[in-house]
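Only one structure is covered here, and it is reproduced in the block below.
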Amino acid sequence: MSTNLPGLTQRLLHSFFVLLLIGLSISVQADTGPASQPATSSQLLADLLENPETRDQLIRELRALATAEEGAADSEQLTLVQQVADTTQAFAQQLTTQILNALDAISTLGQTEWHLLVPHALNFLYVIIATLASYLVLRKLAIPLFRYANNLVNTQPGAGRLLTRLGVVLGAWVVDLLTILLAWVAGYSIALFLIGELGEMETVQSLFLNAFLVIELFKAMVRLFFSARYDRLRLLPFCAETAAYWNAWLARISSFIGYGMLLLVPVVNFYLAPALGHLLSLIIMLIAFAYALAIILQNKKRVAQNISEQAEQADFAFTTVLLNMLSRSWHLLAIAYFAGLLLVTAIRPEDALPVMLQASLQTLLAIVVGLFISALLTQMISRQMRISDELKQRFPALEQRLNEFIPTSLKVVRLVIMLVVFAFVLDAWSLFNVSDWLNSEAGARIIGSALSVAIILLVAKLLWIAFASWVEHQLNPTTGRGAASARQQTLLKLMSNAVMITLIVFTVMITLAELGLNIGPLIAGAGVVGLAIGFGAQTLVKDVITGVFIQLENAINTGDVVTADGITGTAENLTIRSLGLRDRFGTYHLIPFSSITSVSNYMRGYGYHVGEYGVAYREDTDEVIVHLRAAFDELMSDPEVRDNIMDDLEVQGVTALADNSVNIRVRIKTLPGAQWSIGRAYNRLVKRHLDAAGIEIPFPHLTLYFGQNKDGSAPPAALNLVSTPASRRAEKGLNTQPDQARSNPEPGTDFDEV
């Protein structure tokens, strides 16, 4: 059998304390006797048990303790269904008891002396009239201030304008609060000095004035969001008609519940019976719940549509999702709110309204502060950050990086604000205790870890922006150092990739460590994996090593025209492992460095256009060279071309006596990369100059040789001429000039050999 150690320990401690108390009482009673030697604990326990009174008392205490433990054990063994059933039963019994007590109190109303209440009722009516009249007069006097504030508000977007607008709206709201407070003070003054005995106030009058203050302050809060008369003093984006509708509805239901619960119910409790007050509070909340339910169901679709429109205009994904969820369930939340108010009134009628009012005000305050901060961040996100022209000239992409980083950070902050607002709303309804969670070890650990991770990510992002801006500054040709060389561009690009990977790895590791994860095994595992990859990916290691040496030797830079692995093209991308080439057909080739045995770079120092031009054997080569120089002189007359040529024309002379031509070679020294365009332009001019001089540029010829005898005679060629349509027409007399037709054949004439 298992032993319940905590229960056993508790029983033993309780028995010990009981015995101790009994022993003390006995020792006090024995103080008058003769002095004796101190008794041992065993002897004292034996003496206690021999005494019938102390023994019976100990037995009673132990049995009571056992009964309490059995009840606690039974309550712990209750299932959730049983607990719900017991709670429902207790609620029904309490409600039934309240109704029965109210019915008994109603039966005694006939014994009340109503005529004694008439003077009190008249004084109470005078206070009501005086307070409401004072409030109406003060509201009329404050109308010019409200109009001035409404005209002063600027509704244009912007963080500064938003703060100004908020200040004006809050100033108008303070004026509204002052009118309420002055009317309340006026009512108190009239009740104390003008009505009844001087300096005295009846309880019912005080109840009304306090209810007036609370209800009107709540209405002022409602007007802050649903101002019906002054559109620019309204915080929520509603039209005048919608704002007037909700303002009127909330004012009616708040007045009904407020004056009923804060005034009528206490009056009934004070002058009649508390049971009648409990019944009256239940009836008031039932009527308010029915009225609210009708209004909510009547506006279900319209409010859902308005919330959906706001969700479509939201620029934050989390806000969009939250508003879409709210559009589908807002009516359920509103019904749950009034149902909870009704339930609390039925269970705790004495303090139902203060509890719900406190929870509602805390919820409203949390939502208002959250919406304001969120709107302020939205205005800041919508504004593009601007930097000075000097910084923009030195760091052209810095403004873009900041405008990408800051809005993202503000969106994260806005998400955190929404979570905080949600936590405070749960705290308002006793579903989550924020203060206890913050003071707990888990809460402090989570908050500390979140702040540490946020700081780590912020520092890493700022370091990357600073390094990227430095690289951009080094590559910027307008900084005074001139344009960076291709080697510098390539090395800085590789350095950027290395720094980015290093930052990512270190940020992830430090973040995991801050979150409480042990990164020691992760680092060890990464080392083992790296060793395994090193053994299994020798080609990859070779790629990396070869790529490092290629970069150190400045063999290839981005934008160079090179021949690597038998492929000629422009180097578009260089990583630590591979080379990306784009050939003249537009095909992109990715070549690992390990497969490159040699590199031919056409962009180092200078280039040559080597032209070899063939002319007929009958032409004078010196005359040809003169025309080649003339073509070069014409080429140099173009300023754009001349800037790319580094030296005079180099004529290397006759290089070959080929089968059909005499070849003459020339060479033009150009800037690196310009040799191809210079060569094309020079070839065009050479063709024009040789044609103008009548110098033949030979092209392939075919010579037919029919053979020859030793004596020099040649046999006739065995040719058969097939008749053509033109010859047949000539034979028939249709064409009188057959020779001309043969010498100038018409298009489509066929000469076929048999």
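The values are calculated or read from the model by the stated rules, or taken from the named source; none is laboratory data. Since this is a predicted model, take the numbers as computed values, not measurements. Backbone-built Cβ (ideal geometry, glycine too); neighbour counts: all protein chains shown. Quick note on the areas: whole protein, heavy atoms, side chains included, nothing else; ligands and nucleic acids left out. Shrake-Rupley method; radii C 1.70, N 1.55, O 1.52, S 1.80 Å.
Here are the numbers for this structure:
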{"quantity": "Selection within the stretch 226-263 - in a helix (DSSP H, G or I) and of a type in the set (Lys, Arg)", "calculated": "232, 252"}
{"quantity": "Some residue of the stretch 376-386 being open to solvent by 60 Å² or more (accessible area, probe 1.4 Å), free of Cβ contacts under 8 Å to residues at least 60 places away in the same chain and either closer than 30 Å to residue 221 by Cα or not polar (S, T, N, Q) (or both)", "calculated": "yes"}
{"quantity": "Extreme residue, farthest from residue 679 (Cα to Cα), among residues of the stretch 618-650 that are at pLDDT below 90 and surrounded by 12 or more Cβ atoms within 10 Å (Cβ to Cβ)", "calculated": "638"}
{"quantity": "Residue in the stretch 598-612 that is among the β-branched types (Val, Ile, Thr) and not in a strand (DSSP E or B) present", "calculated": "no"}
{"quantity": "Which listed residue is open to solvent by 70 Å² or more (accessible area, probe 1.4 Å), at pLDDT 80 or above and either touching a Cys at 6+ places or on another chain (Cβ under 9 Å) or farther than 30 Å from residue 453 by Cα (or both), from 593, 585, 549, 535", "calculated": "585"}
{"quantity": "Test: residue in the stretch 438-454 that is open to solvent by 70 Å² or more (accessible area, probe 1.4 Å) and in contact with a helix residue (DSSP H, G or I) (Cβ under 6 Å, 6 or more places away or on another chain)", "calculated": "no"}
{"quantity": "Residue 528 in contact with a Phe, Trp or Tyr (Cβ under 9 Å, 6 or more places away or on another chain) and either surrounded by 13 or more Cβ atoms within 10 Å (Cβ to Cβ) or modelled with pLDDT under 75 (or both)", "calculated": "no"}
{"quantity": "In the stretch 681-702, the residues that are assigned to a loop (DSSP other than H, G, I, E, B) and either at pLDDT 90 or above or touching a strand residue (DSSP E or B) at 6+ places or on another chain (Cβ under 9 Å) (or both)", "calculated": "693, 694, 695, 696, 697, 698"}
{"quantity": "Subset of the stretch 247-263 (residues that are closer than 16 Å to residue 283 by Cβ and surrounded by 19 or more Cβ atoms within 10 Å (Cβ to Cβ))", "calculated": "257, 258, 260, 261, 262, 263"}
{"quantity": "Residues located in the stretch 556-572, provided they are of a type in the set (A, V, I, L, M, F, W, C) and more than 14 Å from residue 593 (Cβ to Cβ)", "calculated": "561"}
{"quantity": "Neighbours by Cβ (under 9 Å, 6+ apart or cross-chain): first from the stretch 121-138, part of a helix (DSSP H, G or I) and among the hydrophobic types (A, V, I, L, M, F, W, C); second open to solvent by 30 Å² or more (accessible area, probe 1.4 Å) and modelled with pLDDT of 90 or more", "calculated": "138/178; 138/182"}
{"quantity": "Pairs with Cβ under 9 Å, 6+ apart, first in the stretch 444-457 and in a helix (DSSP H, G or I), second charged (D, E, K, R)", "calculated": "448/514; 449/514; 452/514; 453/514; 456/514"}
{"quantity": "Members of the stretch 651-672 found to be assigned to a loop (DSSP other than H, G, I, E, B), open to solvent by less than 50 Å² (accessible area, probe 1.4 Å) and closer than 12 Å to residue 616 by Cβ, listed by number", "calculated": "658, 661"}
{"quantity": "Filtered residue count, the stretch 653-675, keeping only those that are more than 57 Å from the chain's Cα centre (by Cα) and within 17 Å of residue 606 (Cβ to Cβ)", "calculated": "4"}
{"quantity": "Residue 288 at pLDDT 80 or above, open to solvent by less than 40 Å² (accessible area, probe 1.4 Å) and out of contact with any strand residue (DSSP E or B) (no Cβ under 6 Å at 6 or more places or on another chain)", "calculated": "yes"}
{"quantity": "Residue match in the stretch 400-407 (condition: under 29 Å from residue 170 (Cβ atoms) and under 20 Å from the mean Cα position of the chain (by Cα))", "calculated": "yes"}
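This table checks each residue for (1) out of contact with any helix residue (DSSP H, G or I) (no Cβ under 7 Å at 6 or more places or on another chain); (2) farther than 18 Å from residue 147 by Cβ; (3) at pLDDT 85 or above; (4) open to solvent by less than 30 Å² (accessible area, probe 1.4 Å).
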residue	(1), (2), (3), (4)
175	no, no, yes, no
195	no, yes, no, yes
211	no, yes, yes, yes
215	no, yes, yes, yes
